[in-house]
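I have placed the structure first, in the form of structure tokens, so that the comments after it can refer back to it.
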Amino acid sequence: MPGLPGRSESCHRCGADLKVCLNCPSYDPRVAHQCRDRRADPVAEKHLANFCEYFEFIRRTWSGKKEANPREESARSSLKKLLGD
């Protein structure tokens with residue numbers, strides 16, 4: 001929703017919301033309301049943008065390289081054989 005604070009941060013490539021509980025260091029699925037910050041209001045949909053004033057982006061490292069997954073490669077090759085690619 002353009003113009004609403006906390007809702008404008010989205011991925012420039014896919015349009016997915018970035019300011020979501022899943023991208024916050026306080027997110028913890030093992031605690032009440034899945035948030036370690038007791039001041040924050042409960043959020044029902046953790047994967048959607050919200051108005052939490054205590055939100056911070058979690059720090060992650062990105063190597064740029066995708067790790068090889070043998071199951072994925074096997075499934076992709078089987079699918080290519082099936083479809084004749």
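Derivation of every value follows stated rules applied to the coordinates shown; laboratory data play no part. Predicted model, so just to flag it, every value in this text is computed and none were measured. Methodologically, a virtual Cβ is constructed for each residue, glycine included, from the backbone with ideal geometry; neighbour enumeration extends over all protein chains shown.
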If you plug each phi of the range 70-75 into the Karplus form 6.51 cos²θ - 1.76 cosθ + 1.60 with θ = phi - 60°, what whole-Hz ³J(HN,Hα) values come out, in order, with x for Gly and Pro? x, 5, 5, 4, 5, 5
Need one number: nm distance between label points at GLU56 and ARG76, each 7 Å from Cα along Cα→Cβ, rounded to one decimal. 3.7 nm
Would you mind calculating the gained length between ASP28 and ASP41 on full extension (0.36 nm times residue separation, minus the Cα-Cα distance), in nm to one decimal? 3.2 nm
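Translational diffusion coefficient, Stokes-Einstein: compute it for the chain using the Kirkwood radius over C-alpha pairs as Rh, at 25 °C and 0.890 mPa s, and state it as an integer in µm² s⁻¹.
Calculated translational D: 155 µm²/s.
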Under 8 Å for C-alpha pairs, at least 6 residues apart: give me the relative contact order for the chain, rounded to a whole percent. 26 percent
